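Step one of this worksheet: look at the structure below.
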């Protein structure tokens, strides 16, 4: 059923997020149905039909209060279970970054994304860096670490299919990571209001399996090195990139 | 429990302690609680950001701690005169009330005057709120405080006018007491600000 | 103009209740009932404006500008302004004046047996400050650059650098209007917190207070304690914009996260400030129309105090992915999910009140039940957002929008309508038309769900909020028909308010004259005339028991006003 509501999960932790979602759905779904059904049932069963029908129950004795406090306690215990499950998954996604061979820089700017790759020397800011505007090419099955900056306001890098979201603040570098598990083209959204063309700040994350990624690299890496000072620092400077 | 009272003596007309407090005082305390949160938010932000930026020792060198210390003395003295004013009104001593309210106003104006001089010195030296974040906080903290001092001076002036015209004692007693609470609060805020801004 | 500090109550009332001129009676009034109606009038005005902003936003989402049915004039900047103003208006200029300004002011003195609030002139100042803030906000629509467009949350630097949106003056006016609104409700809060403490009638102990009074006071306390840091933050925002300070600008050493913390430290308690009076209204209405005591009075009071306290330590659940230290997420997630416990207890208590009752579904009861049922969906969907992990995916999507409409709309509009239909006879001395009321309820209930269920669907699919054209994304193009459905339902929902408007206005002149106690309710406001005279009570009532003594065994009638003694039924058979 969930598969119909949420988009395809294509990252190594989308299953973890969906797992917590499922847990919460079952727990709150059950309560929701139970409580609404009770309300409906009581409203019908206790409609006023004759005088003096109502019972004088104040809910002040221990026995009476038990009827609401015990369910309250059950809710509390289920809450703690949800907390534990969520904390576990969060730790995996946001507090640990697997050793990532593949790194990319994300520069967010009103209103486009600039992606920069360090190239074969594995260092940013050198002559063999590659950049592209709006599209992020990554290999499938490898953790990708993103170093993200904003040139102006708060943006938010989100890829629904990866269950990935991270706000990007100006003035500091924020990291995120993901590992694509299926080849495909996945939409990137900006999900923090950043101005008039916020809705146009779209991108694509293209995950390629190993062979395809190697072929893409070979085709797109610049033949001649570009001096770091000539490399664009923002998407607007890149004017559409060099792919 | 208090569900149903059926006996004739069911009316619990307890003169509870809460109702014995003059309600103006309750009102002033709620007002001060909200003011504590305003200054608390501002001061808390200042402390956290200052720590995150390594203390701003170089920037903070440019405030004039001696002037700040003088102003602290002025404000503390004004709290003393305000306390004497409250005493005077309890003893229905109109002359003492007028004198001490006047002195409090005067000291308050002195505080503001010294502050204005201090600001103009700093600005002419090139330190404005836009200069750096320390000075942004400095001007905002002391400026917001100064606005509150001004408000207190206005309130005290109105009370002083009441005293001059010989208004009814019960009414003016409570109002002086509330103004006193407010004035002491403004003083306490300064006692937090002074070390945080001038002495660190 | 000082407050009535410590003056004896009689001297205040003597000068207060002589025959006033037109201006003093209707415009510059210090009577809490008139002030309540002034707040009500302003809230109803703003709900029309707020509804129109919703119309414009939803129209664009269904039929984007540039398509055949699209608004040709709605630019992305204007769209962002409409979204911003919709949120700002609904939270600060509809919910607050309606639930606190109108119902709080009207009900508190009457329910505690007082002649007016503790500080009537401060009360008048509060509503005039609110009126001034309304003028400032209204003006912001018409200044060059238009109204603020950085969201009701006004995140910096988008909001702190004038160049980033078209609204330069508009954003400044927004800050000023919101600051004035805060000042207004701080003043009102001083009354709401002092009056129930000091002006209760003899016999009205704190444990005999009607729940609405508890909830209004609790909301006021929460507001008073949480708004301060945001006032400081707003001063800093204004200085950033006008003077060039850099509180929120990294280039000048500042931090955008500072604004987020200051905003949400207030912003989260604020939604409880709105929710509590709404719940208070529902809690007053359920016993009356079920003819049963409220279940677990003391438990409900303790629960709401607990929830209010907890609400001060959950704020960063709005900031899980904000870039703050990830280690903060788990603690805030725990507190957030825990806050569901007191609310769950209150909801269970309300359901338990229905059990064994004698339920009659007049319009106030329909709205109270509809509000409760809808709020439950809002509450459970909050769990998805309170868990830090699922929030990664759901943050800033339409799921959030649907969640908060399923909480805010019920407590503001369902509870608000419930309260209006319920207290209208007391406020205006006339009965509203019951048929129109039921029609209004069913249309509102069905159409409200029709608007927001589709938004859960598009939100689960990942559709981001505050986006001018979601269909620009391939992922969400197939969901466009849900957007259309939600928009059609919105238009119908807005139109469904017409029966209410007609009923409200016409009943005032043509409604059946209301007796003192048309609902046979126990609280003290129903012991005086409809509408009550100046000064409410000729003599302070003497309170003999709690407010929910309905269907007491052996009683002659199934209700018992708080100042009435128990009256046994006639002999022979009894009880």
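The values are calculated or read from the model by the stated rules, or taken from the named source; none is laboratory data. Quick caveat, the model's predicted, so the values are computed rather than measured. Positions of Cβ are generated from backbone atoms using ideal geometry, with glycine treated the same way; all protein chains shown enter the neighbour counts.
Observations on the model:
- Selection within the range B:36-68 - in a helix (DSSP H, G or I), more than 10 Å from every other protein chain (Cβ to nearest Cβ) and over 27 Å from residue B:111 (Cβ atoms): B:51, B:58
- Test: residue in the range A:93-113 that is assigned to a loop (DSSP other than H, G, I, E, B) and touching a helix residue (DSSP H, G or I) at 6+ places or on another chain (Cβ under 8 Å): yes
- Members of the range B:115-134 that are buried (at least 21 other Cβ atoms within 10 Å of the Cβ) and either part of a helix (DSSP H, G or I) or touching a strand residue (DSSP E or B) at 6+ places or on another chain (Cβ under 9 Å) (or both): B:133, B:134
- Residue within the range B:167-186 that is free of Cβ contacts under 8 Å to residues at least 12 places away in the same chain, over 13 Å from the mean Cα position of the chain (by Cα), surrounded by 18 or more Cβ atoms within 10 Å (Cβ to Cβ) and within 14 Å of chain C (Cβ to nearest Cβ) present: yes
- Hits in the range A:54-79 (condition: in contact with a helix residue (DSSP H, G or I) (Cβ under 8 Å, 6 or more places away or on another chain) and more than 8 Å from chain C (Cβ to nearest Cβ)): A:78
- Close pairs from the range C:323-344: first on the phi > 0 side of the Ramachandran plot, partner modelled with pLDDT of 95 or more and assigned to a helix (DSSP H, G or I), Cβ under 7 Å, at least 6 apart: C:323/C:257
- Against the test of being more than 14 Å from chain A (Cβ to nearest Cβ) and surrounded by fewer than 22 Cβ atoms within 10 Å (Cβ to Cβ), the options C:417, C:413, C:404 yield a single qualifying residue, C:404.
- Residue identified as within 19 Å of residue C:304 (Cα to Cα), surrounded by fewer than 24 Cβ atoms within 10 Å (Cβ to Cβ) and in contact with a helix residue (DSSP H, G or I) (Cβ under 9 Å, 6 or more places away or on another chain) among C:379, C:371, C:356: C:379
- Given (1) part of a loop (DSSP other than H, G, I, E, B); (2) crowded, with 19+ Cβ neighbours inside 10 Å, number of the condition residue C:459 does not satisfy: (1)
- Being touching a residue at least 24 places away in the same chain (Cβ under 8 Å) and facing chain C (nearest Cβ under 8 Å) is a property that holds for residue A:93.
- Residue in the range A:64-86 that is under 30 Å from residue A:198 (Cβ atoms) and either modelled with pLDDT of 95 or more or touching a strand residue (DSSP E or B) at 6+ places or on another chain (Cβ under 6 Å) (or both) present: yes
- Residue A:220 under 27 Å from residue C:470 (Cβ atoms) and outside the structural domain of residue A:6 (by TED's automatic domain parsing): no
- Residue in the range C:218-230 that is within 13 Å of chain B (Cβ to nearest Cβ) and under 23 Å from residue C:143 (Cα atoms) present: no
- Qualifying residue in the range B:140-150 (condition: at pLDDT 95 or above, assigned to a helix (DSSP H, G or I), more than 15 Å from the chain's Cα centre (by Cα) and within 23 Å of residue B:63 (Cβ to Cβ)): yes
- If you go through the range C:129-174 and keep only what is within 14 Å of chain A (Cβ to nearest Cβ), without any contact (Cβ under 8 Å) to a residue 60 or more places away in the chain and closer than 27 Å to residue C:271 by Cα, you end up with just C:158.
- Flag for residue C:499 being outside any helix (DSSP H, G or I), touching a residue at least 24 places away in the same chain (Cβ under 8 Å) and away from every other protein chain (no Cβ under 14 Å): no
- Residue A:189 over 27 Å from residue A:126 (Cα atoms) and over 21 Å from the mean Cα position of the chain (by Cα): no
- Taking the listed residues A:169, A:130, the one that is touching a residue at least 12 places away in the same chain (Cβ under 8 Å), at the interface with another protein chain (Cβ under 7 Å from one of its Cβ atoms) and in contact with a helix residue (DSSP H, G or I) (Cβ under 8 Å, 6 or more places away or on another chain) is A:169, with no other qualifying.
- Qualifying residues in the range A:9-53 (those that are closer than 23 Å to residue C:559 by Cβ and either part of a helix (DSSP H, G or I) or in contact (Cβ under 8 Å) with a residue 60 or more places away in the chain (or both)) - the one farthest from the other protein chains (Cβ to nearest Cβ): A:45
- Taken over the range C:539-555, residues that are within 11 Å of chain A (Cβ to nearest Cβ), surrounded by fewer than 19 Cβ atoms within 10 Å (Cβ to Cβ) and over 15 Å from residue A:58 (Cα atoms) amount to 1.
- Residue in the range C:252-260 that is surrounded by fewer than 24 Cβ atoms within 10 Å (Cβ to Cβ), more than 7 Å from every other protein chain (Cβ to nearest Cβ) and closer than 27 Å to residue C:335 by Cβ present: no
- A single member of C:467, C:484 is buried (at least 24 other Cβ atoms within 10 Å of the Cβ), touching a helix residue (DSSP H, G or I) at 6+ places or on another chain (Cβ under 6 Å) and over 23 Å from residue C:369 (Cα atoms), and it is C:467.
- When residue C:430 is tested against (1) within 30 Å of residue C:525 (Cα to Cα); (2) more than 22 Å from the chain's Cα centre (by Cα); (3) within 14 Å of chain A (Cβ to nearest Cβ), exactly one condition is not met: (3).
- Scanning the range C:302-340 for residues that are surrounded by fewer than 18 Cβ atoms within 10 Å (Cβ to Cβ) and within 23 Å of the chain's Cα centre (by Cα) gives C:302, C:305, C:306, C:309, C:312, C:313.
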